[in-house]
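The values are calculated or read from the model by the stated rules, or taken from the named source; none is laboratory data. Please read these numbers as outputs of a predicted model, since none were measured by experiment. Methodologically, a virtual Cβ is constructed for each residue, glycine included, from the backbone with ideal geometry; neighbour enumeration extends over all protein chains shown.
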Amino acid sequence: MNSPDADDALAGDPEVAAILASELERQRSTVQLIASENFTSRAVLAATASVLTNKYSEGYPGRRYYGGNVFADEVESLARERARTLFGAAHANVQPHAGASANLAAYLALVEPGDTILAMRLDQGGHLTHGSPVSITGKSYRFVSYGVTPAADDGSGERIDFDQLRDLARTERPRLLVAGTTAYSRVIDPRPFREIADEVGALFMFDAAHPAGLIAGGAHPSPVGIADVVTLTTHKTLRGPRGGAILCGEEHARAVDAAVFPGLQGGPLEHVIAAKAVAFGEAARPEFARYAAQVVGNAAALAASLADEGFRLVSGGTENHQVLVDLRAFDPELTGKEAQEVLDRAGITCNRNQIPDDPRSPFVTSGLRLGTPAETTAGMGEDEMRAVGALLARVLRGRSDERVVAQVRSEVTELCARFDPYPASERASAVR
Ligand code: DSN
């Protein structure tokens, strides 16, 4: 079921229907702690499953290449307007298919191939599209990387190293400075980046893929109006459909639009853009601000519970939606890979992650990344997050004993039954 309400429509394809039913059940009956995932509303699911998937709409509202785009124009204009209003931006492009496409489009708009870009290294908490050698970004531009400060016993380390960043900016003279992370649990203040960019004459891009919902909900500072370009994903903390968007001032609007189409993409996904419009509308409501604050509160509760259980937390804790756990203090033999696999069997879904200066490979790792956006949507609060921290520690400690794994799985099932993101009673009455 591409939405929890689509059972009937898929009756003619029982194979796919069965797989989708299983996935719905997996999401409902296990704890979702992947920091980049969420549970969308039924309205977002319904728009994603709409007939706009049938439409070709290359171009932009009022400037399409094919006929029949009156409603695609309406929905994309609405999505753009809602994104502008939500974030207070002069211009919004809502066509990027993903955060990676949004980042690539921003580079295409702002710099030339071969130019120097200063961004955070992947193994320090950055992203593949911040210049990893295996990414087209690393092959097309000359990336120079900054990282985080060394770990400190009092938890004051493992923060963005602005001294290193400033020194690199002065010596390397980048055309573009990039802020943004995928595995970093602290607030990212855009102002020091702006100051450094101005000092060396660089442009400044803020990749808000992870904190977009926290920014929209007022829980984190907004880079809009400070950065030249802000890229984001719509499916993480923002709780919309899988996709990306770009915000910028009028001075970069034409270059950004041209970079997305025809620079990188063909036909936009207007059904997803309709769902983005729904999500931007939802994020503008007062309850979304409460949600964003609760995501952060829940992460703090989860972090405190894990610290009590003997885990070392990278940077000593969290100020956002995620907790980066260094497993070595808990058990030097336990890798992120093994921990992820055991937790999967116990019904706790998360991802292994490298920690700064990780001695293990990205495939094995010494860390776990945990996040609270999804289960906060499902209604869990700080008590449940503390309980999840205790369950996680219990199963990792007793991982060689299948009875412990089975007992934790059973307690996870009971917990999830009380916090169902898509209750069957609501599914039955939903009107699509
Ligand atoms: N895969 C995303 C994440 O989990 O953070 C980043 O691309």
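For (1) farther than 23 Å from residue 378 by Cα; (2) of a type in the set (D, E, K, R); (3) modelled with pLDDT of 95 or more; (4) surrounded by fewer than 24 Cβ atoms within 10 Å (Cβ to Cβ), each residue gets a yes or a no:
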{"site": "273", "(1), (2), (3), (4)": "yes, no, yes, no"}
{"site": "276", "(1), (2), (3), (4)": "no, yes, yes, no"}
{"site": "282", "(1), (2), (3), (4)": "no, yes, yes, yes"}
{"site": "300", "(1), (2), (3), (4)": "no, no, yes, yes"}
{"site": "303", "(1), (2), (3), (4)": "no, no, yes, no"}
{"site": "312", "(1), (2), (3), (4)": "yes, yes, yes, yes"}
{"site": "316", "(1), (2), (3), (4)": "yes, no, yes, yes"}
{"site": "337", "(1), (2), (3), (4)": "yes, yes, yes, yes"}
**Report entry** Residues of the range 364-402 classified as of a type outside the set (A, V, I, L, M), within 15 Å of the ligand (Cβ to nearest atom), within 15 Å of residue 326 (Cα to Cα) and out of contact with any Gly (no Cβ under 7 Å at 6 or more places or on another chain), total
**Finding:** 2
Report task. Name the one entry in 336, 347 that is more than 16 Å from the ligand (Cβ to nearest atom) and either farther than 18 Å from residue 210 by Cα or among the hydrophobic types (A, V, I, L, M, F, W, C) (or both). Result -> 347
Query raised in the report: Do we have residue 81 as more than 20 Å from the chain's Cα centre (by Cα), assigned to a helix (DSSP H, G or I) and buried (at least 20 other Cβ atoms within 10 Å of the Cβ) here?
Result: no
Query raised in the report: Among the residues of the range 135-146, is there at least one that is among the hydroxyl-bearing types (Ser, Thr, Tyr), farther than 18 Å from residue 318 by Cβ and either in contact (Cβ under 8 Å) with a residue 60 or more places away in the chain or within 15 Å of the ligand (Cβ to nearest atom) (or both)?
Result: yes
Requested in this report: Name the one entry in 215, 226 that is among the β-branched types (Val, Ile, Thr) and either buried (at least 24 other Cβ atoms within 10 Å of the Cβ) or in contact with a Ser or Thr (Cβ under 9 Å, 6 or more places away or on another chain) (or both).
Outcome: 215
Report summary line: Of 365, 376, 413, the only residue that is among the hydroxyl-bearing types (Ser, Thr, Tyr), assigned to a helix (DSSP H, G or I), within 17 Å of residue 185 (Cβ to Cβ) and in contact (Cβ under 8 Å) with a residue 24 or more places away in the chain is 376
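Let's see how each residue does on (1) over 23 Å from the mean Cα position of the chain (by Cα); (2) modelled with pLDDT under 95; (3) within 20 Å of residue 185 (Cβ to Cβ):
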{"site": "195", "(1), (2), (3)": "yes, no, no"}
{"site": "199", "(1), (2), (3)": "yes, no, no"}
{"site": "203", "(1), (2), (3)": "yes, no, no"}
{"site": "211", "(1), (2), (3)": "no, no, yes"}
{"site": "221", "(1), (2), (3)": "no, no, yes"}
{"site": "229", "(1), (2), (3)": "no, no, no"}
{"site": "234", "(1), (2), (3)": "no, no, no"}
{"site": "257", "(1), (2), (3)": "no, no, no"}
Report task. Just need a number here: residues in the range 172-204 that are in contact (Cβ under 8 Å) with a residue 12 or more places away in the chain and more than 16 Å from the ligand (Cβ to nearest atom). Result -> 21
Report task. Determine which member of the set 96, 113 is at pLDDT 95 or above, part of a loop (DSSP other than H, G, I, E, B) and either of a type in the set (Val, Ile, Thr) or surrounded by 24 or more Cβ atoms within 10 Å (Cβ to Cβ) (or both). Result -> 96
Query raised in the report: Considering only the range 37-61, how many residues are polar (S, T, N, Q), more than 19 Å from residue 416 (Cα to Cα) and either in a loop (DSSP other than H, G, I, E, B) or in contact (Cβ under 8 Å) with a residue 12 or more places away in the chain (or both)?
Result: 4
